[in-house]
Amino acid sequence: MSEVELPPEDAARANFYALLARLFYAPPDRELLQALGGAEEIAADSPGYGLSSAWRDLKSAAGQADADAVRDEYDSVFVGTGKAEVTLYAGAYLSRTALDLPLVEIRRFLAAQGLERKGNAQEPEDHVSALCDAMRHFILRSEPDVQREFFERFVEPAASRLCDAVIRCEHVNFYLHAARFLKCFVELEHTAFDMD
């Protein structure tokens, strides 16, 4: 399917998913931190969601961050030596039974939509970055029913629990703000899907 011209709010959603995919795939370099620190504000949103304040905090953290320190934080929290303090894989946060393996279900869903893992991809499809990137694709293809199903089955339950794990972690600074922004964004997405 080809991409269509999007309304501004859907273009913004796609851009936020792209940014989140990038932030959680690998630590941001100096250029990305500077660009994020200088990004425009988000207009105040509905009470209770806090997306604009979470965005402001993320921008501020990026503007003050040292790229080397952020890389060390990412490696310490999400990579670690041995077992990572916080895992970025949805399979750890989604329910599992012998007949319900999250990675397999995600792969089936993506394959049914004509998406497959690139040969050079280093992470499996249940990595939070891959989930965000898939949502970006579905938005760009203007497929609201597919967006809703993928979001409700995989993105929302995994991202919410991942963000809670990051927020509870004692060794985060920049990623505390990234997780809070992701959590607020997911909550706002949930509300928007409920209103459709």
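Numbers for the structure displayed
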{"read-out": "Residue among E170, E123 that is charged (D, E, K, R), over 16 Å from A90 (Cα atoms) and surrounded by fewer than 21 Cβ atoms within 10 Å (Cβ to Cβ)", "value": "E170"}
{"read-out": "The range 102-120, residues that are surrounded by 15 or more Cβ atoms within 10 Å (Cβ to Cβ) and without any contact (Cβ under 8 Å) to a residue 24 or more places away in the chain", "value": "L103, R107, L115"}
{"read-out": "Where a residue in the range 128-141 is under 16 Å from A111 (Cα atoms) and its partner, wherever it lies, is acidic (D, E), with Cβ under 9 Å and at least six apart", "value": "A130/E123; L131/E125; A134/E125; M135/E189; H137/E3; H137/E143; R141/E3"}
{"read-out": "Number of positions in the range 69-91 that are basic (K, R) and either at pLDDT below 95 or in contact with a Lys or Arg (Cβ under 9 Å, 6 or more places away or on another chain) (or both)", "value": "1"}
{"read-out": "Check on C184, in contact with a helix residue (DSSP H, G or I) (Cβ under 6 Å, 6 or more places away or on another chain), under 14 Å from T87 (Cβ atoms) and either among the acidic types (D, E) or surrounded by 20 or more Cβ atoms within 10 Å (Cβ to Cβ) (or both)", "value": "no"}
{"read-out": "Residue in the range 82-93 that is farther than 17 Å from R148 by Cα and loosely packed, with under 11 Cβ neighbours inside 10 Å present", "value": "yes"}
{"read-out": "Top-ranked residue in the range 142-154 [being over 23 Å from A179 (Cβ atoms) and touching a residue at least 12 places away in the same chain (Cβ under 8 Å); ranked as surrounded by the fewest Cβ atoms within 10 Å (Cβ to Cβ)]", "value": "P144"}
{"read-out": "Which numbered condition D75 misses (of (1) closer than 18 Å to L20 by Cβ; (2) of a type outside the set (S, T, N, Q); (3) surrounded by fewer than 15 Cβ atoms within 10 Å (Cβ to Cβ))", "value": "(1)"}
{"read-out": "Subset of the range 162-183 that is of a type in the set (D, E, K, R) and under 12 Å from the mean Cα position of the chain (by Cα) - its residue that is farthest from D72 (Cα to Cα)", "value": "K183"}
{"read-out": "Failed condition for T191, given (1) among the hydroxyl-bearing types (S, T, Y); (2) more than 23 Å from V79 (Cβ to Cβ); (3) modelled with pLDDT of 95 or more", "value": "(3)"}
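Yes/no per residue for (1) over 17 Å from the mean Cα position of the chain (by Cα); (2) among the hydrophobic types (A, V, I, L, M, F, W, C):
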position	(1), (2)
A67	yes, yes
D75	yes, no
L103	no, yes
G119	yes, no
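The values are calculated or read from the model by the stated rules, or taken from the named source; none is laboratory data. Worth saying up front: this structure is predicted, and the values here are computed from it rather than measured. As a convention, Cβ positions derive from the backbone with ideal geometry for all residues, glycine included, and neighbour counts pool all protein chains shown.
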